[in-house]
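> Supplied in structure tokens, the structure appears directly below.
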Amino acid sequence: MLQSKIQDVFNEPACGKNQGKSEKERKKGCTKQLVPGAAAGGCAFDGAKIALQPITDVAHLVHGPIACEGNSWDNRGAKSSGSRLYRTGFTTDISELDVIYGGEKRLYKAIREVIEKYDPPAVFVYQTCVTALIGDDIEAVCKAASVKFGKPVIPIDAPGFVGNKNLGNKLAGEALLDYVIGTQEPEYTTPYDINIIGEYNLSGELWQVKPLFDKLGIRILSCISGDAQYKEVAWSHRARATMMVCSKAMINITRKLEERYGIPYFEGSFYGISDMSDSLRQTSKLLVERGAPAELLERTELLIRDEEAKAWQQLEPYKARLAGKKVLLITGGVKSWSVVSALQEVGMEIVGTSVKKSTVEDKERIKELMGQDAHMLDDMSPRDMYKMLKDARAEIMLSGGRSQFIALKAKMPWLDINQERHHAYAGYDGMVALVREIDKALYSPMWEQVRRPAPWES
Amino acid sequence: MAKIVTSRKACTVNPLKMSQPIGAVLAFLGLDHCMPALHGSQGCTAFGLVLFVRHFRENIPLQTTAMNEATTILGGMDNIEEAILNIWTRAKPEIICIASTGLTETKGDDVDGYIKLIRKKHPELVDLAIIYVSTPDYKDAFQDGWARAVTKLVEELVIPPFEKGGVGVISAGISQINILAGSHLTPGDIEEIRETVQAFGLDPIILPDLSGSLDGHIPEEFMPTTMGGTTLADIRRMGASGFTLAIGEHMRAATEAMHAKCGTHYEVLDRITGLEASDRFIALLAELSGNPVPNKYRRQRSQLVDAMLDGHFFFGGKKIAIGAEPDLLWAIGNLLAEMGCEITAAVTTTQSPLLEKIPTAEVLIGDLEDLEQKAQNCDLLITHSHGRQMAERLDIPFLRMGLPLFDRLGAAHRLSVGYRGTRDLIFEIGNMFMANAHEASPSTWIPSQEECNADTSATAH
Ligand code: SF4
């Protein structure tokens, strides 16, 4: 069952990478064989959790030993405007006896406890390595529990060892398609209803762009999965158009929404002024094509004009301070190109960007943006990054949390642009915030002192 | 005597516990030029890494054998071999330490056997130390993994005095002593311990030594391994020490292993937080060294006594809820009880001989949901950062202790050992009580409706 799902996901026709592959290559899938002793990155379970945990009113129950949930719960920055249940850590925390005799009974009881105590609209049950290996059939348990407790109990079959985070994202998407989407109906619909897919509301970024859609009268019917309620995901098949935010993460949902329900989509980004404007423009265009009044297009252009002017005005004072500053940008794949263009908008120079997780398409876009001699680093060692910063060939690094010390220990500025970051960088306001943070990081008066050697050392 | 209760819930809610393998990893991170690795699937390593990065705000070297479903079923020999070779060529560590995970334990990989084969196959690895410890996720908890890792290091690496490379007869007056440090000690605590021991003219080898690797120093170069910590040479030399001092009950097994191997005399100090506990520590150092207690510590002792005198007003009768691993629970729980607090709720992660001696009615091996229920009327909550949600709901002061501490700076430098550490901890907690004291108002002494009802029903009986 799981194997066929994985094959299905690997066959994703809308994936840019897949289009250039032979049948055989495709079967092998896009998860690169990991190198023991030289691998980094989360597992499929991690990816599934990242994709689904932002659904706020669901109880997310992890079936496995304490490692999977105990070492990682409540560590992500997705924000909620309502329920806080998603931040509660639920796990079966299986013991040695469960490993010997099977953990299905414990799982069933755990589901009952969760429903009795917390009464969520749905329970998501996550499979992990050990429980998959001993053959616990979470699908069967979930089915039995659903019937017994009269509530959706949904198996998320993405045990860590089947692949990386990206595969986990997709398997999570499959679970939503199989069990959630299309199971409820919204109270009413409008010609202005959209889905946003692949946006997790980290640091509240969805709320940063929502007012823009609001101003246009566009309703976010469902966001998958930032600040979403279960029912909103369940009725996402009633949207008129879909914006897909992070190209690879949940492409399968997006495409199948089109296939099954005829909902057209486009791929966009909220990072950077021009990307934000483009996203608004494309959203309106799709809605109009689906029957929304054409005047929406004009209103969109007006809004874009105003917002862009406002943003540029706010960015003006930073331009001179940031022009020509050399940035080393280390992010997971897709985000690269959208951030590249964002930084170039204020005149910064990207001296290198990681493309380890990028698709051919992503790489093409980066090339377009950065010119032919773009420094795309497939696999730069931390030591090389450190040298680059230490020698000031790069003046600031933007990356995820775990690599921050490469920059900081070289006494060079660093800014968090990954999951755990504390600032929201989406939309026009977000771009201004990003630039402000970069400016603060670069010009902190602290640098001068920390870089100076101790008096007895010079 | 506390009653020990194990939670009977099928579903753990808001875990207090973390898993054994990453406890072992943290111990290994206290070794110099070391690369720890988890034998399992990549995600376990990623989670452990992120956890420690957020706690210490430091680079964390940690690798994985990158097992997948197929390799797990076939057995992990090839992956371990490849991992060792890759780490060896890329990171050039002096020591590679591997901890198992639930996945590979379920399959039952014989890693010790694999390592023997790998050694035979690769004579070029002769100078590389390789340590393996078995730490299934589905058993025990973080501090158990730490304890097992340290025990294994002692068993495998320490050279007994009369073996090849050993020192032979150890002279009676030798100043070299071993300190086996528990997982509840911060790099700051370890630094304090070292300075204190040295002040008596003793020469400590501390294992593991997080104060060398995760204290936040700025290295000259960037290295993919740990930078600082107990060196391999020092671990080997531990067999030549005159004494082993263990700090934390969970270090007992490692201490006994040292004794069994090298005959080293030892003492396990269950804690060095609190006046009496610190006295024992200092008196022992005086006895071992034959030196008088330095003035600095006499002075610090009287500062602590003064802090207790000034502070006890605020501690008396306060109800405390603590969620911590056994050794931390023991240290903090006892200190607070000694200051007059009442330990109303105590939740821990794993078994320990200390639990039944904790000054409270009941110790529950459970989770933060349990603690939240028991903490309803408490004056202070003490647990790791994951207590933040419940602290908000309970609306009581919250002291973050333990690991992880991801929403505060300076986790590595929190000090709670010795006279100085205890003094500062008393100030910190006392200040929290003070800040939360209820100001009197006209209605303070008017009984609430509930109390009135309770009174009438009491008289009716
Ligand atoms: S790799 Fe497997 S065992 Fe490890 S965290 Fe992921 S799901 Fe859990």
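The values are calculated or read from the model by the stated rules, or taken from the named source; none is laboratory data. This is a predicted model, so every value here is computed, not measured. No Cβ is skipped: glycine too gets one built from the backbone with ideal geometry, and neighbour counts run over all protein chains shown.
> Restricting attention to the range A:32-48, which residues are more than 10 Å from chain B (Cβ to nearest Cβ) and buried (at least 24 other Cβ atoms within 10 Å of the Cβ)?
A:48
> Given the condition small (Gly, Ala, Ser), in a helix (DSSP H, G or I) and either surrounded by 16 or more Cβ atoms within 10 Å (Cβ to Cβ) or within 16 Å of the ligand (Cβ to nearest atom) (or both), answer yes or no: does some residue in the range B:130-147 qualify?
Yes: the range B:130-147 contains one or more residues that are small (Gly, Ala, Ser), in a helix (DSSP H, G or I) and either surrounded by 16 or more Cβ atoms within 10 Å (Cβ to Cβ) or within 16 Å of the ligand (Cβ to nearest atom) (or both).
> State the number of residues belonging to the range A:151-164 that are near the ligand (Cβ under 10 Å from one of its atoms) and more than 19 Å from residue B:70 (Cβ to Cβ).
Looking only at that region, the number is 0.
> Working only within the range B:401-437, note down all residues that are at pLDDT below 95 and β-branched (Val, Ile, Thr).
Matches in the range B:401-437: none.
> If I filter the range A:49-73 down to residues being more than 11 Å from the ligand (Cβ to nearest atom) and over 16 Å from the mean Cα position of the chain (by Cα), which single residue comes out as surrounded by the most Cβ atoms within 10 Å (Cβ to Cβ)?
A:61
> Right, another one. Would you point out which residue out of B:408, B:388 is in a helix (DSSP H, G or I), assigned by TED's automatic domain parsing to the domain that holds residue B:321 and farther than 11 Å from residue B:320 by Cα?
Matching residue, one of B:408, B:388: B:388.
> Please tell me if residue A:134 is more than 12 Å from the ligand (Cβ to nearest atom), over 18 Å from the mean Cα position of the chain (by Cα) and within 12 Å of chain B (Cβ to nearest Cβ).
yes
> Considering only residues of the range B:99-129 that are of a type in the set (A, V, I, L, M) and either away from the ligand (no atom under 14 Å from the Cβ) or part of a loop (DSSP other than H, G, I, E, B) (or both), which is surrounded by the most Cβ atoms within 10 Å (Cβ to Cβ)?
Among those residues, the one meeting the criterion is B:111.
> Looking at A:175, A:132, A:158, A:110, can you tell me which residue is over 19 Å from residue A:8 (Cβ atoms) and among the aliphatic types (A, V, I, L, M)?
A:110
> Out of all the residues in the range A:416-458, which are of a type outside the set (Gly, Ala, Ser), under 20 Å from the mean Cα position of the chain (by Cα) and away from every other protein chain (no Cβ under 14 Å)?
A:417, A:423, A:425, A:428, A:429, A:431, A:434
> Residue by residue through the range A:104-145, note down the ones that are in contact with a Gly (Cβ under 9 Å, 6 or more places away or on another chain) and aromatic (Phe, Trp, Tyr).
Listed by number, the list holds a single entry, A:126.
> If a residue must be within 14 Å of the ligand (Cβ to nearest atom) and in contact with a strand residue (DSSP E or B) (Cβ under 7 Å, 6 or more places away or on another chain), how many such residues does the range A:74-88 contain?
Residues in the range A:74-88 being within 14 Å of the ligand (Cβ to nearest atom) and in contact with a strand residue (DSSP E or B) (Cβ under 7 Å, 6 or more places away or on another chain): 0 in total.
> Could I ask something else about it? Would you mind telling me which numbered condition in (1) crowded, with 16+ Cβ neighbours inside 10 Å; (2) more than 30 Å from residue B:16 (Cβ to Cβ) residue B:291 fails?
(1)
> I'd like to check something: does the range B:208-222 contain any residue that is over 19 Å from the mean Cα position of the chain (by Cα), surrounded by fewer than 20 Cβ atoms within 10 Å (Cβ to Cβ) and touching a residue at least 12 places away in the same chain (Cβ under 8 Å)?
So far as the range B:208-222 goes, no, none of its residues is over 19 Å from the mean Cα position of the chain (by Cα), surrounded by fewer than 20 Cβ atoms within 10 Å (Cβ to Cβ) and touching a residue at least 12 places away in the same chain (Cβ under 8 Å).
> Just to confirm my filter: which helices (runs of 4 or more DSSP H) fall fully inside the range B:1-81 and include at least 2 residues that are more than 16 Å from the ligand (Cβ to nearest atom) and surrounded by 24 or more Cβ atoms within 10 Å (Cβ to Cβ)?
Those helices (runs of 4 or more DSSP H) span B:20-28.
> Continuing with this model, one more query. Which one of B:190, B:206, B:235, B:218 is aliphatic (A, V, I, L, M), out of contact with any Ser or Thr (no Cβ under 7 Å at 6 or more places or on another chain) and at pLDDT 95 or above?
Criteria check complete, one pass: B:235.
Conditions tested, residue by residue: (1) surrounded by 19 or more Cβ atoms within 10 Å (Cβ to Cβ); (2) closer than 26 Å to residue A:67 by Cβ.
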{"position": "B:313", "(1), (2)": "no, no"}
{"position": "B:325", "(1), (2)": "yes, yes"}
{"position": "B:336", "(1), (2)": "yes, no"}
{"position": "B:339", "(1), (2)": "yes, no"}
{"position": "B:342", "(1), (2)": "no, no"}
{"position": "B:346", "(1), (2)": "yes, yes"}
{"position": "B:349", "(1), (2)": "yes, yes"}
{"position": "B:367", "(1), (2)": "yes, yes"}
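> Filter the range A:396-419 for residues that are of a type in the set (D, E, K, R) and either in the same structural domain as residue A:210 (by TED's automatic domain parsing) or in a helix (DSSP H, G or I) (or both) and give the result.
A:402, A:409
> Something else now. Which pairs do you get when a residue that is more than 7 Å from chain A (Cβ to nearest Cβ), found in the range B:43-54, comes within reach of a residue that is within 11 Å of the ligand (Cβ to nearest atom), reach meaning Cβ atoms under 7 angstrom, with the pair 6+ apart or on two chains?
Correct list of pairs: B:45/B:38; B:45/B:64.
> Another question about this same structure. Check residue B:308 against each of (1) of a type in the set (A, V, I, L, M, F, W, C); (2) closer than 21 Å to residue B:396 by Cα; (3) touching a Ser or Thr at 6+ places or on another chain (Cβ under 9 Å); (4) surrounded by fewer than 24 Cβ atoms within 10 Å (Cβ to Cβ) and name the one condition it does not meet.
(2)
> Across the range A:145-179, which residue is nearest to the other protein chains (Cβ to nearest Cβ) among those that are without any contact (Cβ under 8 Å) to a residue 60 or more places away in the chain and in a strand (DSSP E or B)?
A:153
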